[in-house]
Amino acid sequence: MLPIRRPDNNGSIGHLRFISGHLSMRIGLLLYPDCMPAGLLAFADLLHAANRRSGRPLFEVRHVARQAGPVECAHGVILQATADLAPRTLDALLIPGFWAESAEQADTLLASNAALIKALSSAGKHLQLWSYCTGVCLLAASGRLNGQAATVTWWLADVMRERFAQVRWQSESSCVFAQGVATASGVNGYLPIAQGVIERHVSEDAFRDLSQLMVLPRPAVPHSAFQGASLMQQPVGLLRRLHTLIEQTPAEQLTVQVLASRLAMSERTLARKVRSETGEPVAGYARRVKLYQLSERLAMTSSPLSTLSAELGFSSAANLRRMFKALTGLTPAQYRQQYGRN
């Protein structure tokens, strides 16, 4: 399983703009000679899945290069940059690593990409710059990390500290978000950056869903009470909108009246449609969704039940414990012991 760590969210992770009535963030995936493209492709897949889960085009992703056209990446892989690197048309740029086995090889690549480094240096402060693995070298050379905390590839740590002394290198951190930049270590460093973006602009629950369906070797097998309970498994339409609304509403505020009002329909119409789709009454469906949220937190975190109860808006931990056992036959502690990953 790929390691997932919550990023040190010390700074901004980007902003959104309105496009066709929807919020959208324009993200460039940077191609340059000898870059390692696998992380870019995986990053794009995660953001595409986040769009699908949210039901909105929150992220627009495109491959860019200093000049549009084919780019020969590492190992002879050729990818097409659909646009020039034009910072004014982007909100964020993801810079992948490159293959190198020595500081001398890193120096050679930096020298051959002097024009790209200059473009990164002159990009406006509005452009978020994210990089991972050895790609952080390019960002450091541009000067955009000066005065900022940043990760460093372990075998380059001494060299980077010597050559870019104005950067506050943090070899003990795997991911750092600072003002206007983000850096992550390792070839899988795109993952904590994607996590930060998705959690900020969609939700933590969304990333939990996506990590189960796309990052783990196979989807985790949930308790039978929660089969088909994730938002990704809801058909496009009413149930997806209803599911999202339930996730975002504190449990004690969930009533059929509130849900129907926010969906702009009558209580009777909502009840009829939900029962037709799920076989459940609205209240039962809503309860199962909120308890599914709890089950995910029990499995993925070590937070006490009282904390989780408050986060999800239940009246008390004792009441939540009773409802959870009634649905699953297990107490929250038993569920965590059986299904937890910690």
Being open to solvent by less than 10 Å² (accessible area, probe 1.4 Å) and not aliphatic (A, V, I, L, M), is that true of even one residue in region 104-113? no
Consider region 22-49. How many of its residues are within 18 Å of residue 76 (Cβ to Cβ) and not in a helix (DSSP H, G or I)? 7
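Would you mind finding the one in 202, 187 that is among the aliphatic types (A, V, I, L, M), under 30 Å from residue 43 (Cβ atoms), within 21 Å of the chain's Cα centre (by Cα) and open to solvent by 80 Å² or more (accessible area, probe 1.4 Å)?
Numbers: 202 fails: open to solvent by 80 Å² or more (accessible area, probe 1.4 Å).
Going through 202, 187 in turn, just one is among the aliphatic types (A, V, I, L, M), under 30 Å from residue 43 (Cβ atoms), within 21 Å of the chain's Cα centre (by Cα) and open to solvent by 80 Å² or more (accessible area, probe 1.4 Å): 187.
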Name every residue in region 91-103 that is open to solvent by 20 Å² or more (accessible area, probe 1.4 Å) and closer than 20 Å to residue 43 by Cα, in order of residue number. 99
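Can we say residue 112 is at pLDDT 95 or above, among the polar types (S, T, N, Q) and in contact with a Cys (Cβ under 9 Å, 6 or more places away or on another chain)?
no
With 321, 262, 275 as the choices, which residue is among the basic types (Lys, Arg) and out of contact with any Pro (no Cβ under 7 Å at 6 or more places or on another chain)? Show your work before the answer.
Values: 321 fails: out of contact with any Pro (no Cβ under 7 Å at 6 or more places or on another chain); 275 fails: out of contact with any Pro (no Cβ under 7 Å at 6 or more places or on another chain).
Residue meeting the stated conditions: 262.
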Would you mind stating whether residue 247 is in contact with a Ser or Thr (Cβ under 6 Å, 6 or more places away or on another chain), open to solvent by 20 Å² or more (accessible area, probe 1.4 Å), under 16 Å from residue 290 (Cβ atoms) and of a type in the set (D, E, K, R)? no
May I ask you to list pairs of residues, at least six apart or on different chains, whose Cβ atoms are under 7 Å apart, with the first in region 199-214 being modelled with pLDDT under 85 and of a type outside the set (Gly, Ala, Ser) and the second being surrounded by fewer than 19 Cβ atoms within 10 Å (Cβ to Cβ) and part of a loop (DSSP other than H, G, I, E, B)? 212/219; 212/220; 213/219
Note: among 52, 88, 62, just one is basic (Lys, Arg), assigned to a helix (DSSP H, G or I), open to solvent by 40 Å² or more (accessible area, probe 1.4 Å) and closer than 30 Å to residue 205 by Cα, namely 52
Go through region 119-150 and give me each residue that's more than 22 Å from residue 44 (Cβ to Cβ) and either surrounded by 14 or more Cβ atoms within 10 Å (Cβ to Cβ) or in contact (Cβ under 8 Å) with a residue 40 or more places away in the chain (or both). 125, 137, 140, 141, 142, 143, 144, 145, 148, 149, 150
Write out, first by first residue and then by second, each pair whose Cβ atoms fall under 9 Å of each other, whose residues are 6+ apart or on separate chains, and whose first residue, in region 310-329, is more than 14 Å from residue 251 (Cα to Cα) while the second is at pLDDT 95 or above and open to solvent by 50 Å² or more (accessible area, probe 1.4 Å). 325/334; 327/287; 328/334
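Please tell me if residue 171 is at pLDDT below 90 and buried (at least 19 other Cβ atoms within 10 Å of the Cβ). Quick ask: steps written out before the conclusion?
Details: at pLDDT below 90: yes; buried (at least 19 other Cβ atoms within 10 Å of the Cβ): no.
No; evaluated as a whole, the condition is false for this residue.
Filter region 154-187 down to residues that are of a type outside the set (A, V, I, L, M, F, W, C) and in contact with a helix residue (DSSP H, G or I) (Cβ under 7 Å, 6 or more places away or on another chain), then give me how many there are.
Here is the first cut: in region 154-187, the residues of a type outside the set (A, V, I, L, M, F, W, C) are 158, 161-163, 166, 168, 170-174, 179-180, 183, 185-186.
Within this subset, residues satisfying the condition of being in contact with a helix residue (DSSP H, G or I) (Cβ under 7 Å, 6 or more places away or on another chain) are 171, 174, 183.
Residues that pass the stated criteria total 3.
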Free of Cβ contacts under 8 Å to residues at least 24 places away in the same chain, open to solvent by 40 Å² or more (accessible area, probe 1.4 Å) and closer than 25 Å to residue 49 by Cα - does that describe any residue in region 278-298? no
Looking at this structure, is residue 264 open to solvent by 70 Å² or more (accessible area, probe 1.4 Å) and at positive phi? yes
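Can you name the residue in region 65-85 that is outside any strand (DSSP E or B) and more than 20 Å from residue 187 (Cα to Cα) and is also least open to solvent (accessible area, probe 1.4 Å) among such residues?
We begin by selecting, within region 65-85, every residue outside any strand (DSSP E or B); these are 66-68, 73-77, 82, 85.
Now narrow it down to the ones that are more than 20 Å from residue 187 (Cα to Cα): 66-68, 82, 85.
On the way: 66: 127, 67: 128, 68: 55, 82: 104, 85: 28 Å².
Among those residues, the one meeting the criterion is 85.
The values are calculated or read from the model by the stated rules, or taken from the named source; none is laboratory data. Owing to the predicted nature of the structure, the values given are computational and were not obtained by experimental measurement. Please note: Cβ atoms are built from the backbone with ideal geometry, for glycine as well, and neighbour counts cover all protein chains shown. Only protein heavy atoms, including side chains, enter the accessible area calculation; ligands, DNA and RNA are left aside. Shrake-Rupley method; radii C 1.70, N 1.55, O 1.52, S 1.80 Å.
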